[in-house]
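S.K.: Quick one: structure below, then a few questions.
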Amino acid sequence: MPLVSQFPRPDVSRRNSLLCDVSLAVALALSPAPDARADIDSVVVSATRTAERSMLLPASIDSLDKDLIQNGQLQVNLSETLSQVPGVNAQLRQNYAQDLQISVRGFGARSAFGVSGVRLYSDGIPGTMPDGQGQFSQFDLGSAARIEVLRGPFSVLYGNSSGGVISVFTEDGEPGFGVSASATAGSYGTQRYLLKASGDTGRVNYVVDASHFETGGYRQHSAAERDNFNSKVRLDLANGATLTFVANAVETPFVQDPLGLTRTQWLADPRQAPVAITFNTRKSLSQEQGGVIYFVPLGAQVELTSTTYVGARDTTQFQAIPQSTQAVLTSPGGVIDLSRTFWGTDAHATWRSDSASPFKVTLGASYDALGESRHSYLNYIGTTLGVEGALRASLRNRVYDINEYLQLQWDPSPRWRAIAGVRNNAVVVESDNRLAAAGINPNSSVRYSAPDPVAGLTFRATPLVNLYTSYGKGFETPTLNNLAYRSTNGSLPGLNLGLAPARSDNYEVGIKAGDAQLSGNLAAFLIRTKNELAIAANSGGRSVYTNIGETERKGLELSLDGRWSTTLSSHFAYTYLQAVTKTAYATCVTLPCAPVVIPVGKRLPAVPENALYAGLTWQPQSPSLSATVEAVARAQVYADDRNSTAAPAYLLFNAHLSWQQEFTNWRLSEVVRIDNILRRNYVGSVIVNDSNSRYFEAEPGRTAYVGLQAKFGK
């Protein structure tokens, strides 16, 4: 008998985060979140690469389903739902020229561009490049079936820079044919339109959607547009095999970048953007990617899965670098133009035993490659700012990784499950400076490699309680952005090859428990990292990184889900995270350089010590209504390594109401959402170690949105 049928099947789980004014939030929290909340025993694949019930796994993993992603949400940013997952800090910057600020248990908090330290996937296709830098603007939430968030030791099985794994999965089409359209409008000229078609013919299952988003922006100089396209087509072949084609694209014409504010500017007027207006800072990008996933069972015990993908991404960004700084010939200028092509493949086989003590083995290998052409220009011509000027730098960068992995799962008895694995990582970075001065070697390269082991054990203490423990060793390589500069004045050309990869020891213990009425998860973790990357000096558009010795992250994650009646459900999640330096290091905060020693015990920037989400949902059987009120709280976060300034703690209240009308072949639904009901003035995210002290990215006061959706077909 397989272990899956021997373990209990509690109903409901989830997670999220808490903060400062716990007393007020907890009153609301004792009943947090929607009926659709992922349950403790939801089926997930990210932890083991095969479908498993999360209750049985010695890992912290959440699955957020379609209703949570789409019901009452704008469906524009991952932060809308990730704020409900404990251990995850996902902040919308109110700046669509920059990606969300996302960290998992503190990994990725220092990232200046995109997401690093966290692996991103969409239908099995990486959103993280082989250097460890990720983007997720191509993720289309309008057709997402679920989001899985894996934290802790088992994320190391996904390679370098795996402080956590966030995977988005596209929904399947329903039998027959259906088409839906939706429109949403709200504060600050925000609009979103979606058109989606889906169906299943018996042999062909498909989903195709396109969306348009635009906003005037809360702050000055923050207008944005974004167009998304996503499609998934699955062909059912003979003997249970499937062939799935995935394609998506995103385009944002020049999106305004309001930059950050100093504390004085934020307190005086959080909507201002004086420097951004002066330099007309902005960014454009376009990305197209596609992939093929082939699955074939070889008898009852062996399965093969292969994924192949290819894509291209073009980005142009205008920065606020003063003319006097760019006038120096070694300056890279104030306009960055990137053209990237990327491709890769992953193949793995899974074998299952049929014995009384079930055994499963997964063996696989992956290859990912990135080619980048990076050009830099002046951001002025004559006295005119914000225009593309003379070419200043031209680089060609290449990154590739080759990885092999092995995972073992054994159920020696109905009460025990053991999982172990190892991944061997090799990452190679190469750079060719096409405009290098005479006598300087224009080529640089570096290779990083390490094996990452992981092991975990689950014990069924009672029919309703599972205990688990796990350990993993992580490996985080410097990204191309980390390696880009060796000095702030350009006197030292070439990549910063002296940087070493960070290595982490990751420990976790936890409890998963519950029944159909009340369930919860509690996890405690300890992470010690050596050679963590941090900024040594930052000036003139250049950031020079260094390895800072040892840091420590320790904390607790708690989630509780309750169904108190047929109409009332709740979700509560709290995160405590203490992330501090364990060795002193020096950083250069002014020019000419005046090194400042960062002592032991300083908090890591952009990491809140406490975070909370609490939600209460009322959903009567008739009429088809759903009403949710929620509290979101965060402790203060420091903006720099010195802990010299911080964004204050905040507590927000939000609400949304939706209702539906059913007809013969039609379904209409309406939604109203209000965020920050009490109009709190707060900073949502910080720009870590900004050289001009423009750390703060302000969030709006009360905002409101209304939406309408019409669906035809099944």
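S.K.: Identify, by number, the condition in (1) at pLDDT 90 or above; (2) crowded, with 22+ Cβ neighbours inside 10 Å that Gly117 doesn't meet.
M.R.: It fails just one condition, (1).
S.K.: With assigned to a strand (DSSP E or B) and over 30 Å from Ile381 (Cβ atoms) as the only criterion, which of Ile293, Ile336 stands out?
M.R.: None of the other options fit; the residue is Ile293.
S.K.: Among what's in segment 678-700 and is among the basic types (Lys, Arg) and either without any contact (Cβ under 8 Å) to a residue 40 or more places away in the chain or surrounded by fewer than 19 Cβ atoms within 10 Å (Cβ to Cβ) (or both), pick the residue that is nearest to Ser111 (Cα to Cα).
M.R.: Residues of segment 678-700 among the basic types (Lys, Arg): 679-680, 694.
This time we only want the ones that are either without any contact (Cβ under 8 Å) to a residue 40 or more places away in the chain or surrounded by fewer than 19 Cβ atoms within 10 Å (Cβ to Cβ) (or both), so: 679-680.
Working: Arg679: 29, Arg680: 27 Å.
In this case the residue turns out to be Arg680.
S.K.: Further, regarding this structure: Of all residues being in a helix (DSSP H, G or I) and out of contact with any Ser or Thr (no Cβ under 9 Å at 6 or more places or on another chain) in segment 268-277, which is nearest to Gly127 (Cα to Cα)? Just the residue, please.
M.R.: Ile277
S.K.: Considering only segment 248-267, I want to know if a residue exists there that is buried (at least 18 other Cβ atoms within 10 Å of the Cβ), at pLDDT 95 or above, in contact with a helix residue (DSSP H, G or I) (Cβ under 6 Å, 6 or more places away or on another chain) and in a strand (DSSP E or B).
M.R.: No: segment 248-267 contains no residue that is buried (at least 18 other Cβ atoms within 10 Å of the Cβ), at pLDDT 95 or above, in contact with a helix residue (DSSP H, G or I) (Cβ under 6 Å, 6 or more places away or on another chain) and in a strand (DSSP E or B).
S.K.: Can you tell me which residue is farthest from Asp99 (Cα to Cα) among those in segment 126-182 that are hydroxyl-bearing (Ser, Thr, Tyr) and part of a strand (DSSP E or B)? Step through it out loud before you land on a result.
M.R.: Residues of segment 126-182 hydroxyl-bearing (Ser, Thr, Tyr): 128, 137, 143, 155, 158, 161-162, 167, 170, 180, 182.
When the remaining residues are screened for being part of a strand (DSSP E or B), the result is 128, 167, 170, 180, 182.
Values: Thr128: 13, Ser167: 17, Thr170: 21, Ser180: 28, Ser182: 25 Å.
Top of the filtered list is Ser180.
S.K.: Is there any pair with a first residue in segment 459-470 that is closer than 15 Å to Gly152 by Cβ and a second that is charged (D, E, K, R) and surrounded by 15 or more Cβ atoms within 10 Å (Cβ to Cβ) whose Cβ atoms are under 6 Å apart and which are 6 or more apart or on different chains, and what are they?
M.R.: Ser470/Glu508
S.K.: Here's something else I'd like to know. State all residues of segment 276-294 that are among the charged types (D, E, K, R) and over 30 Å from Arg694 (Cβ atoms); if no residue qualifies, say none.
M.R.: First, pick out the residues of segment 276-294 that are among the charged types (D, E, K, R): 282-283, 288.
If the condition is that a residue be among the charged types (D, E, K, R) and over 30 Å from Arg694 (Cβ atoms), then Glu288 is the only one that fits.
S.K.: Next question, about the same structure. Would you check which residues across segment 469-512 are crowded, with 16+ Cβ neighbours inside 10 Å, of a type in the set (Gly, Ala, Ser) and either in contact with a Ser or Thr (Cβ under 6 Å, 6 or more places away or on another chain) or at pLDDT 90 or above (or both) and list them?
M.R.: Ser470, Gly472, Gly474, Gly490, Gly494, Ala502, Ser504, Gly510
S.K.: Quick one: in segment 536-585, of everything that is in a strand (DSSP E or B) and more than 26 Å from the chain's Cα centre (by Cα), which residue is farthest from Asn610 (Cα to Cα)?
M.R.: Only one residue tops the list, namely Ser539.
S.K.: Follow-up question, since we're still on this one. Looking only at segment 145-188, which residues are surrounded by fewer than 21 Cβ atoms within 10 Å (Cβ to Cβ) and among the hydrophobic types (A, V, I, L, M, F, W, C)?
M.R.: Ala145, Phe169, Phe177, Val179, Ala181, Ala183, Ala185
S.K.: Over 27 Å from the mean Cα position of the chain (by Cα) and closer than 23 Å to Gly371 by Cβ: does that describe Gly333? Steps first, answer last, please.
M.R.: Values: over 27 Å from the mean Cα position of the chain (by Cα): yes; closer than 23 Å to Gly371 by Cβ: yes.
Criteria met by Gly333.
S.K.: Given the criterion under 17 Å from the mean Cα position of the chain (by Cα) and either assigned to a loop (DSSP other than H, G, I, E, B) or modelled with pLDDT under 90 (or both), identify the matching residue among Ser63, Ser46.
M.R.: Being under 17 Å from the mean Cα position of the chain (by Cα) and either assigned to a loop (DSSP other than H, G, I, E, B) or modelled with pLDDT under 90 (or both) holds for just one of Ser63, Ser46, which is Ser46.
S.K.: Taking Asn239 as meeting all but one of (1) assigned to a strand (DSSP E or B); (2) at pLDDT below 95; (3) surrounded by fewer than 16 Cβ atoms within 10 Å (Cβ to Cβ), write down the number of the exception.
M.R.: Every condition holds for Asn239 apart from (1).
S.K.: Quick check: is even one residue across segment 274-294 farther than 29 Å from Ser449 by Cβ, modelled with pLDDT of 95 or more, buried (at least 17 other Cβ atoms within 10 Å of the Cβ) and touching a helix residue (DSSP H, G or I) at 6+ places or on another chain (Cβ under 8 Å)?
M.R.: Yes, segment 274-294 has at least one match.
S.K.: Of the conditions (1) surrounded by 21 or more Cβ atoms within 10 Å (Cβ to Cβ); (2) under 30 Å from Ser539 (Cα atoms), His656 satisfies every one except a single condition; which number is it?
M.R.: (2)
The values are calculated or read from the model by the stated rules, or taken from the named source; none is laboratory data. Here the structure is a predicted model, which is why all the values come from computation and not from measurement. We place every Cβ from the backbone using ideal geometry, glycine too, and count neighbours over all the protein chains shown.
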